[in-house]
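Notes follow once the structure below has been shown.
The values are calculated or read from the model by the stated rules, or taken from the named source; none is laboratory data. Quick caveat: nothing in here was measured; it's all calculated off a predicted structure. Here Cβ is always computed from backbone atoms with ideal geometry, including for glycine, and neighbour counts include all displayed protein chains. For the accessible areas, the whole protein counts, side chains as well, though only heavy atoms, and no ligand, DNA or RNA atoms are used. Shrake-Rupley method; radii C 1.70, N 1.55, O 1.52, S 1.80 Å.
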Amino acid sequence: DLAGSRPVTPSTAFRAASMTKSFTALAILKLRDEGKLGLDDPVHIYLQELKDLKYLTSDAPVLTIRHLLTHTGGFPQDDPWADRQLETTEEELSEMIRDGLSMSNVPGISYEYSNLGYTLLGSIIKAVTGKSYQSYIDSVVFMPLGMRSTVWEYGDLPAGIMAQGYRYRDGGFEEEDLLHDGPFGAMGGLISTVGDFALYAIMHLSAWP
């Protein structure tokens, strides 16, 4: 924080951005292991708004959960547009889907990084569990691992913990506005500290062998 000359410490909280996608994938695989969904299930089973998704060809394969997980859903790469959508509401996301989503390819043909795809995975998690994406991740990852400084909404942190972002413009640094949480959080909304994120990394490292 330049205004208060506050340095970064191990307890400083940062937006984890696309590392959030690892948590989303973990949750989907957990639900798969519990028999609550299949990776090759059509996405429209869980998100009815996608039943009328317009594909680019008449013989295009139906969009599946696996496609979303592997960035092969056929959606165009959406950086940095998606990063500005964190405050989008559930209603606005549903309206966006109903209005029609752009496709750059048919599903399963090629890799194209899609934040929207992971946002849709978060919506699937909500549909399957009956909890918000954020609440589900809280209960199955944060709480069991003791990640007590990891949140979705920056206002839930004590004062002075969240790092302030800046943009360099006209010879000086200007503060970037912090965005609130919403359904796009499943692609990049996580806020965490180095100490908390280490607990998550240790969990993965301890899974092998």
Q) Going by the structure shown, is Leu93 within 14 Å of Phe184 (Cβ to Cβ), at pLDDT 95 or above, in a helix (DSSP H, G or I) and open to solvent by less than 60 Å² (accessible area, probe 1.4 Å)? A) yes
Q. Given the structure, is Asp170 open to solvent by 30 Å² or more (accessible area, probe 1.4 Å) and not hydroxyl-bearing (Ser, Thr, Tyr)?
A. yes
Q: Please verify whether the range 59-77 includes one or more residues that are more than 20 Å from Thr150 (Cβ to Cβ), open to solvent by 20 Å² or more (accessible area, probe 1.4 Å) and charged (D, E, K, R).
A: yes
Q) Taking the range 1-53, which residues are charged (D, E, K, R), open to solvent by 80 Å² or more (accessible area, probe 1.4 Å) and part of a loop (DSSP other than H, G, I, E, B)? A) Glu34, Lys36, Asp40
Q: Only residues that are modelled with pLDDT of 95 or more, closer than 21 Å to Pro183 by Cβ and of a type outside the set (Asp, Glu): list them for the range 71-84, please.
A: His71, Gly73, Gly74, Phe75, Pro76, Gln77
Q.
Looking at the range 38-64, I want the residues that are closer than 20 Å to Met96 by Cβ and have a partner that is open to solvent by 70 Å² or more (accessible area, probe 1.4 Å) and among the charged types (D, E, K, R) with Cβ atoms under 8 Å, at least 6 apart or on another chain. Which pairs are those?
A. His44/Lys51; Glu49/Arg98
Q) Yes or no: Lys126 more than 25 Å from Trp81 (Cα to Cα), open to solvent by 70 Å² or more (accessible area, probe 1.4 Å) and among the basic types (Lys, Arg)? A) no
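This table checks each residue for (1) within 23 Å of Leu53 (Cα to Cα); (2) open to solvent by 40 Å² or more (accessible area, probe 1.4 Å); (3) modelled with pLDDT under 95; (4) among the aromatic types (Phe, Trp, Tyr).
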position: Arg98; (1), (2), (3), (4): yes, yes, yes, no
position: Val106; (1), (2), (3), (4): yes, no, no, no
position: Met187; (1), (2), (3), (4): yes, no, no, no
position: Thr193; (1), (2), (3), (4): no, no, no, no
position: Leu205; (1), (2), (3), (4): no, yes, no, no
position: Pro209; (1), (2), (3), (4): no, yes, yes, no
